[in-house]
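Below is one structure, written out as C-alpha cells; the observations come after it.
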Amino acid sequence: MNQHGTRDVLAWVSELLTESMLIDGHNDLPSRLRKVAGYSVERLDDERQDVHTDLVRLRRGMVGGQFWSVWVPSHLDEDAAAAATLEQIDAVYRLASRYPDEIGISFTADGATEQFARGRIASLIGIEGGHSIAGSLGVLRMFARLGVRYLTLTHNDDTDWAASATGMDPGAGLSLQGEAILREMNRIGLIVDLSHTAESTQLDALRVAEAPVIFSHSSLRRLTDHPRNVSDRVLSRLVANGGVLQCTFVPEFVSSEVAQWDLDRREACTSLGIEPGNDGNVLGTKPHYPSAPMPAESPHETLARNARERALRTLPISDEQRASLLEWDAKNPRPSATLAQVADHFDAAREQVGIDHLGVSGDYDGTDEFPRGLENVSRYPYLFAELANRNWSRSDLVRIAGENILRVMRDVEQVASEPMWPTAVRVEE
C-alpha cells in the first residue's frame, strides 16, 4: 500500500474496518466516568474533552467491538473491591441501556459479530485484577454469569495466589490456589488475561491453561524493557498455547525514552518524599478512590462529596517539595511516544509470534497521555494506515483487528465444560 497517498490509504482502511470488526482489548472508560462524572453516562453521544472515549470518536475510530475494563485499585480491601467491581459492571450495562442504538452487550464471539452486523459496537467486559474476586470461586462464577469475559489475574499488586509484574515477589508465580482459579476459569469459559502479571505467573498459567490466554494490553519487552511488557520466553509459549498478544499504546510500554523518564521521575519523587503517581501527596499516600453515588444523590453531588473526601484523606506535600519537583520537571521534560513506535511493536511482534497471535488494545482512559497520532479512540485508522504503508496485507490487518481475538473467544467457549455467561441478551430491533 505504500505507493498510495495517506488519504487513499485511510479510505482503504475505512472500507476494511467497515466490513471487518475492529475489537479493542482494553478501555477504562467506566472507571474514568466514576472519577470525572459521578458515574453519569450522559453526553457520551457528544465529543468530550474530559475522556478519551465517546460514541462520536468510537465511530470515527471505526471501533466495532470494545472490551470495557471494570478496574478497581488493587490496594482496596478485597471485599470492597468486589463491590466496586459490581458497580463498574453496572456502569457498562447502563451505558448500553442509555445508547441502545449504538452499543450492544455481548457475551460470546457469535454475539459480538451479531451486534456488529446490526451496526452496534459490541460491548464486552473484562475485570482488571484478581483481587476483584476476593479469593472466591463463587464470586468468580457470579461475575461470569453477569457477562464478564476475561479476568486479568493481577493488577499492580500481588494477590494471595498470583504474582504481579510490579508486586513484592515477582518470582512467586501461581500458588496452588491460583492454579485452581485458572482451571475454574477454563471450565466456565472465562478468558485468562496475563497482562500485569509477573513472568513467573505467566509461565505457570501457560503450563496449566487448557484454553488460549491473552495479554489484553501489553507490548514487547525486547523493544521496551518495562515490567509490563512480555518477554521472548513467554511469547514463545504463547504461540504454543494459541493465545493472543493485544499490543497497547501506553507510552511507557512502547518508548524506551518515556519508560526511562518515568523510572527517573519516580525515583526523584521517592527521594523527595513524594508518592510517585500521586504527586501532590507525601510518600506512602495511596490515591483517593472516588466512591459511587449514594441513593438519592445526583452525579454533581457525588463529585462534590468525593472532592471533600479526597481533601480529608490526602497528605499534601510541602511548598519546598513541590518547588523541588517542579524544578526537576523543568530540567527533565517528558519525552513523547509516537504512532510509529507503536507500529514498531506490531512489526516486531508479527515477526516474532506470527500474524495469528496479535490484536489491538489502546488502554484509552487508563492513562493520561498517549503517543502523538494516537491521542484518543478516533485514531485507530491511522495506526492501520501506518501498518498498511509498511506492507501489511489486508488479511494481516483483518486478523489483528478482530479475527484473532474472536478465534480465542471461540476456543475458550469450546473448552468450557460448564459455560456461565448469560445465554441471551435483549437485542433492540
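Answer with yes or no whether I89 is buried (at least 21 other Cβ atoms within 10 Å of the Cβ) and either more than 17 Å from the chain's Cα centre (by Cα) or in the same structural domain as R149 (by TED's automatic domain parsing) (or both). Judged against the criteria, I89 is not a match.
Return yes when D101 is assigned to a loop (DSSP other than H, G, I, E, B) and either without any contact (Cβ under 8 Å) to a residue 12 or more places away in the chain or buried (at least 24 other Cβ atoms within 10 Å of the Cβ) (or both) and no when it is not.
Numbers: assigned to a loop (DSSP other than H, G, I, E, B): yes; either without any contact (Cβ under 8 Å) to a residue 12 or more places away in the chain or buried (at least 24 other Cβ atoms within 10 Å of the Cβ) (or both): no.
Criteria not met by D101.
Filtering region 315-364 to residues that are farther than 30 Å from L406 by Cβ, exposed (fewer than 14 other Cβ atoms within 10 Å of the Cβ) and of a type outside the set (G, A, S) leaves L315, P316, D319, E320, L326, E327, D329, K331, N332, P333, R334. For region 278-303, the set of residues classified as without any contact (Cβ under 8 Å) to a residue 24 or more places away in the chain and closer than 16 Å to R32 by Cα consists of S291 only. Without any contact (Cβ under 8 Å) to a residue 40 or more places away in the chain, basic (K, R) and surrounded by fewer than 18 Cβ atoms within 10 Å (Cβ to Cβ): is that true of R118 in this structure? It is false that R118 is without any contact (Cβ under 8 Å) to a residue 40 or more places away in the chain, basic (K, R) and surrounded by fewer than 18 Cβ atoms within 10 Å (Cβ to Cβ). Can you spot a residue in region 115-129 that is in a helix (DSSP H, G or I) and either in contact with a helix residue (DSSP H, G or I) (Cβ under 6 Å, 6 or more places away or on another chain) or more than 21 Å from N27 (Cβ to Cβ) (or both)? Taking every residue of region 115-129 in turn, at least one turns out to be in a helix (DSSP H, G or I) and either in contact with a helix residue (DSSP H, G or I) (Cβ under 6 Å, 6 or more places away or on another chain) or more than 21 Å from N27 (Cβ to Cβ) (or both). Within region 165-208, the set of residues being in contact (Cβ under 8 Å) with a residue 40 or more places away in the chain, farther than 20 Å from N241 by Cα and of a type in the set (S, T, Y) comprises just one member, T166.
Evaluation of A292 against the conditions (1) out of contact with any Asp or Glu (no Cβ under 6 Å at 6 or more places or on another chain); (2) crowded, with 16+ Cβ neighbours inside 10 Å shows that the sole unmet condition is (1).
Being of a type in the set (G, A, S), surrounded by fewer than 20 Cβ atoms within 10 Å (Cβ to Cβ) and modelled with pLDDT of 95 or more narrows it down to one of S40, S74, S31, S69, so name that one.
Of the residues listed, the single one that is of a type in the set (G, A, S), surrounded by fewer than 20 Cβ atoms within 10 Å (Cβ to Cβ) and modelled with pLDDT of 95 or more is S40.
Screening region 89-114 for residues that are in contact with a strand residue (DSSP E or B) (Cβ under 9 Å, 6 or more places away or on another chain) and charged (D, E, K, R) and picking the one that is nearest to P30 (Cα to Cα) gives E102. Considering (1) out of contact with any Ser or Thr (no Cβ under 8 Å at 6 or more places or on another chain); (2) within 17 Å of H226 (Cα to Cα), the lone condition that H345 does not fulfil carries the number (1).
With respect to the conditions (1) under 21 Å from E128 (Cβ atoms); (2) in a loop (DSSP other than H, G, I, E, B); (3) in contact (Cβ under 8 Å) with a residue 60 or more places away in the chain, N404 lacks only one, and its number is (2). Check whether at least one residue in region 391-411 is more than 18 Å from C247 (Cβ to Cβ) and in contact with a Gly (Cβ under 7 Å, 6 or more places away or on another chain), and report yes or no. Scanning region 391-411, I find at least one residue that is more than 18 Å from C247 (Cβ to Cβ) and in contact with a Gly (Cβ under 7 Å, 6 or more places away or on another chain), so the answer is yes. Just one of the listed residues (A296, A343, A292) is of a type outside the set (D, E) and either touching a strand residue (DSSP E or B) at 6+ places or on another chain (Cβ under 7 Å) or assigned to a helix (DSSP H, G or I) (or both), namely A343.
Among what's in region 239-263 and is of a type in the set (A, V, I, L, M, F, W, C) and within 21 Å of D329 (Cα to Cα), pick the residue that is surrounded by the fewest Cβ atoms within 10 Å (Cβ to Cβ). Top of the filtered list is L263. Residue pairs whose Cβ atoms lie under 7 Å apart, sitting 6 or more positions apart in sequence or on different chains, and linking a residue in region 336-356 that is assigned by TED's automatic domain parsing to the domain that holds H226 to a partner that is modelled with pLDDT under 95 and assigned to a helix (DSSP H, G or I), do not occur here.
With respect to the stated conditions, I125 is closer than 22 Å to P290 by Cβ and surrounded by 18 or more Cβ atoms within 10 Å (Cβ to Cβ).
Being under 16 Å from E297 (Cβ atoms) and out of contact with any Phe, Trp or Tyr (no Cβ under 7 Å at 6 or more places or on another chain) is the filter here, so list the residues in region 25-34 that pass it. Walk me through how you get there before you give the answer.
Step one: list which residues in region 25-34 are under 16 Å from E297 (Cβ atoms), which gives 33-34.
R34 - this is the single residue of region 25-34 that is under 16 Å from E297 (Cβ atoms) and out of contact with any Phe, Trp or Tyr (no Cβ under 7 Å at 6 or more places or on another chain).
Test R350 against the stated conditions and say whether it is closer than 25 Å to M409 by Cα and assigned to a helix (DSSP H, G or I).
Numbers: closer than 25 Å to M409 by Cα: yes; assigned to a helix (DSSP H, G or I): yes.
Criteria met by R350.
The values are calculated or read from the model by the stated rules, or taken from the named source; none is laboratory data. From a predicted model like this one, the values you see are computed outputs, not experimental measurements. Reconstructed Cβ throughout: ideal geometry from the backbone, glycine too, with neighbour counts over all protein chains shown.
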